[in-house]
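Before any comments, here is the structure.
The values are calculated or read from the model by the stated rules, or taken from the named source; none is laboratory data. Note that the structure is a prediction, hence the values are computed from the model and not measured. For neighbour counting, all protein chains shown are included, and Cβ atoms are generated from backbone atoms with ideal geometry for every residue, glycine included. Ligands, DNA and RNA are excluded from the accessible area calculation, which covers all protein heavy atoms including side chains. Shrake-Rupley method; radii C 1.70, N 1.55, O 1.52, S 1.80 Å.
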Amino acid sequence: MSQTVVPIGPFHPLLEEAEFFRLSVDGETVTGIDTDIGYMHRGHEFISERKTFTQSIFLVERICGICSTSHPLAFVHAVEDVDNVEIPVRAAYIRTVVGELERIHSHLLWLGLAGHFIGYDTLWMWAWKYREPILEIFETITGNRNHYAMMRVGGVARDVPPEAVPPLLKTLDMIERKMAMIAKAAADDPVLRSRLKGVGVLSRQAAIDYCAVGPTARASGLAIDVRKDEPKDAYALVDFKAIVLENGDVYDKLVVRVLEIIESIKIVRQCLEKLKTAPGPILNDVKEVTAGEGIGRYEAPRGEVFHYVRTDGSNRPLRHKVRAPSYVNIPTCEVSCKGIPLADALITLASVDPCYCCTERAVHLVDARGVRITPDLLQLSRDKTERLRRDIHG
Amino acid sequence: MGWYNRRLAKSLWVFHVSASPCNNCDIEILDLLTPRYDVERFGIKLVGSVRHADVLLVTGVINEKVAPRVRRLYEQAPKPVFVVGIGTCPTSGCCFKESYNTVQRREDVIPFDVYVEGCPPKPEAMIDAIVKLVGVLNG
């Protein structure tokens, strides 16, 4: 029997980014899914190996515009890990403030888009309306609405002056009230309940098998959170709880994100209170980076982002590897999309908050006839590893 | 075409072409539609099909894989169509100039009419670009 395939993309009204899904369907039921990526690949790792560490921060920020603090933060963690650089306390608090504000804005953005995907534009407009004050705080602290350029190896680039803190706390109060309202409205909404409850279930075992991270894993009952497991910056100094739910359906993924917004506001408030009094410099000047390797992890809004840096004592990385959370989260759709109606497939695909800009770190080679030449890609990769090994060991 | 352009300028329908950006300009474009900026007041509407579009908003450095698709989208759009490059990427290539996977001459893929500078440009800057485009169309 021939199989019916529904193509979605690369330019589709519901997709913000160019990506391509092939949904195999039997009648109305989805039986399989195949994803074709590569429309966003820009060769970050290649360019990064040709830039200095400070220039690389500018570059890795542009891996993804939505988590544009998570990537630089993981990258500076990796570079600091090479020499075990300590950062000043004040810098740690500022890093945490920016990181958590980013989580709030990213989750609100997802909440809005999720509403848009199920045809519930009211939720989209509400969520994005209350995202604006957060971008205003960003503008006050960092000077830009997105792409904050706050991270430096050894600290942060800009200070938050103590006199700027009380107005920020006031804005935060307003945001907290609105968030509590949105959280209640979203959780009690009959439309959201009937569209999302029991849809696209990802079981706990499947989440483990597919190595899911972030809210996708936490909605399936896996308590993994880099902020708790390996607290860096100021996460060990603040009080918050990781949100874990059990059902693994799209509704739980929504609730996890909404509750995380509330937790993030708590963290930002604690850090800002500390910033009123915490003294000291904001940048521990790192003059040189010795030869070695380092890893950096950070809990991005979508899950754990991982950067690996190998250095040779010069001012640029010899090898820079990025693993983004969506890279492991997107394959979980294979399980959660199976057997659901076609109409629910898109919200299930969107429920992992896929970010293709983050994901596309590998090039997909085709020959002149359009046939994939994967074995050669493997060979290229092995050759490169061999070359690197020769470079290092002489 | 003066009479045509003047009528077109009353309500520009835009289509969003994401040609390997970093997502930031894309979310700022969506931001334009939400209550703070709300460009639908001026008849500007985001449409789902390129066949309905008067303006293409192109974001990102165009990479080798997406380039033929972007070219095809431009060919499918009913003419006259105006192409606005949003952000530093279509304007100058941003920090991706050295990459092996980006198109070197973006103008060969799709001819740009307006560039909006900024990484990402503020929503006000994008509104300004559209207002200038409307001004040109009105003659």
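Computed values, structure above
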{"quantity": "From A:GLY119, A:GLY115, residue being more than 12 Å from the chain's Cα centre (by Cα), assigned to a loop (DSSP other than H, G, I, E, B) and within 14 Å of another protein chain (Cβ to nearest Cβ)", "calculated": "A:GLY119"}
{"quantity": "Any hit, segment A:99-112, residues being within 27 Å of A:LEU172 (Cβ to Cβ), free of Cβ contacts under 8 Å to residues at least 24 places away in the same chain and either in contact with a Ser or Thr (Cβ under 7 Å, 6 or more places away or on another chain) or not hydroxyl-bearing (Ser, Thr, Tyr) (or both)", "calculated": "yes"}
{"quantity": "Long-range neighbours under 6 Å by Cβ, at least six apart or interchain, first residue facing chain B (nearest Cβ under 7 Å) and farther than 27 Å from A:VAL286 by Cβ within segment A:37-61, second open to solvent by less than 10 Å² (accessible area, probe 1.4 Å) and in a helix (DSSP H, G or I)", "calculated": "A:MET40/A:TYR356; A:MET40/A:CYS357; A:ARG42/B:PHE96"}
{"quantity": "B:ARG7 being at pLDDT 90 or above, among the charged types (D, E, K, R), surrounded by fewer than 22 Cβ atoms within 10 Å (Cβ to Cβ) and over 30 Å from A:ALA127 (Cβ atoms)", "calculated": "no"}
{"quantity": "Residue list for segment A:227-250, restricted to those being open to solvent by less than 10 Å² (accessible area, probe 1.4 Å) and assigned to a helix (DSSP H, G or I)", "calculated": "A:VAL250"}
{"quantity": "Any hit, segment A:199-220, residues being in contact (Cβ under 8 Å) with a residue 24 or more places away in the chain, in a helix (DSSP H, G or I) and of a type in the set (Val, Ile, Thr)", "calculated": "yes"}
{"quantity": "Which listed residue, of A:ILE340, A:ILE392, is in contact with a strand residue (DSSP E or B) (Cβ under 9 Å, 6 or more places away or on another chain), at pLDDT 70 or above and under 26 Å from A:VAL309 (Cα atoms)", "calculated": "A:ILE392"}
{"quantity": "Of all residues making up segment A:257-296, the number that are out of contact with any His (no Cβ under 6 Å at 6 or more places or on another chain), farther than 23 Å from A:LYS241 by Cβ and buried (at least 21 other Cβ atoms within 10 Å of the Cβ)", "calculated": "3"}
{"quantity": "Sole exception among (1) touching a Gly at 6+ places or on another chain (Cβ under 6 Å); (2) closer than 19 Å to A:GLY143 by Cβ; (3) of a type in the set (Val, Ile, Thr); (4) more than 14 Å from chain B (Cβ to nearest Cβ) for A:ILE87, by number", "calculated": "(2)"}
{"quantity": "Any hit, segment A:139-155, residues being within 14 Å of another protein chain (Cβ to nearest Cβ), part of a helix (DSSP H, G or I) and in contact with a Lys or Arg (Cβ under 6 Å, 6 or more places away or on another chain)", "calculated": "yes"}
{"quantity": "Residue count, segment A:321-340 (criterion: open to solvent by less than 10 Å² (accessible area, probe 1.4 Å) and touching a Lys or Arg at 6+ places or on another chain (Cβ under 8 Å))", "calculated": "5"}
{"quantity": "Pick from segment A:19-36, criterion open to solvent by less than 30 Å² (accessible area, probe 1.4 Å) and either within 14 Å of another protein chain (Cβ to nearest Cβ) or free of Cβ contacts under 8 Å to residues at least 60 places away in the same chain (or both), ranking: farthest from B:TYR100 (Cα to Cα)", "calculated": "A:SER24"}
{"quantity": "Residues of segment A:39-53 that turn out to be more than 22 Å from A:SER351 (Cβ to Cβ) and either aliphatic (A, V, I, L, M) or open to solvent by less than 10 Å² (accessible area, probe 1.4 Å) (or both), as a count", "calculated": "6"}
{"quantity": "Members of segment A:138-184 that are open to solvent by 50 Å² or more (accessible area, probe 1.4 Å) and in contact with a strand residue (DSSP E or B) (Cβ under 7 Å, 6 or more places away or on another chain)", "calculated": "A:ARG152"}
{"quantity": "Meets criteria (loosely packed, with under 15 Cβ neighbours inside 10 Å, more than 10 Å from chain A (Cβ to nearest Cβ), closer than 24 Å to A:ARG145 by Cα and in contact with a Ser or Thr (Cβ under 8 Å, 6 or more places away or on another chain)) for B:GLU40", "calculated": "no"}
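Residues checked against (1) at the interface with chain A (Cβ under 8 Å from one of its Cβ atoms); (2) in a helix (DSSP H, G or I); (3) open to solvent by 10 Å² or more (accessible area, probe 1.4 Å); (4) in contact with a helix residue (DSSP H, G or I) (Cβ under 8 Å, 6 or more places away or on another chain):
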{"site": "B:CYS25", "(1), (2), (3), (4)": "yes, yes, yes, yes"}
{"site": "B:PRO35", "(1), (2), (3), (4)": "yes, no, yes, yes"}
{"site": "B:LYS65", "(1), (2), (3), (4)": "yes, no, yes, no"}
{"site": "B:PRO68", "(1), (2), (3), (4)": "no, yes, yes, no"}
{"site": "B:LEU73", "(1), (2), (3), (4)": "yes, yes, yes, yes"}
{"site": "B:PRO78", "(1), (2), (3), (4)": "no, no, yes, yes"}
{"site": "B:GLY85", "(1), (2), (3), (4)": "no, no, no, yes"}
{"site": "B:CYS89", "(1), (2), (3), (4)": "no, yes, yes, yes"}
{"site": "B:TYR100", "(1), (2), (3), (4)": "yes, no, yes, yes"}
